[in-house]
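These notes concern the structure reproduced below.
Coordinate-derived values only; no laboratory data. These numbers were taken from a predicted model, which means no experiment stands behind them. Positions of Cβ are generated from backbone atoms using ideal geometry, with glycine treated the same way; all protein chains shown enter the neighbour counts.
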Amino acid sequence: MPQASHTSEGDVALVVRGGEGLGREVALALACEGVKVVVGGPDEKAVARVVGEITCGAGVARHVAGDLSRPADLQAILRKGVEAFGKLTLVVLLSPDMAEIARVLDTALVTLADGGRFVVVSAPSADLTALLVRVGGGGWGLQLVVTAPEALAGFEDGNADAVRTLLAR
């Protein structure tokens, strides 16, 4: 596999719904690659537990809990990520819910560093494609990626190549 065209040093990722399951695996794998990670989600104990796992392994992470259906909580999650590390360069959202994807994307647009990446892990659909085309045409300077959950199966095995692929997109 070719090397990624960037270095993960200096990257700061927000993993939305990172407290359990595939989100947890993505957060841990990104931290192993040297990415600073903000773990966000609705369950305070779950996101704090993941941050504990990351920091015990010498990674750098913060956690922020909030109700993703509330715009104020979502804005707070993104704001605290920026406050903790100065910027966000990657937002990873794991969600099958189009309304949630739209809310997070609309809020993240003003928070991500120029040239940042927004990765949606969800089953591709016409509605999702239309949303990303609409936002991508807005001149935000972001890279928008849709990845089916099964494409990230390597995260569950600690597969570093799967992480590098996500970061290089």
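Radius of gyration over Kirkwood radius for the stretch 52-124, both on Cα atoms: the Rg/Rh ratio is 0.97. Take each peptide in 100-111, 29-40, count the other Cβ atoms within 10 Å of every residue, and average; sorted highest first, the result is 29-40, 100-111.
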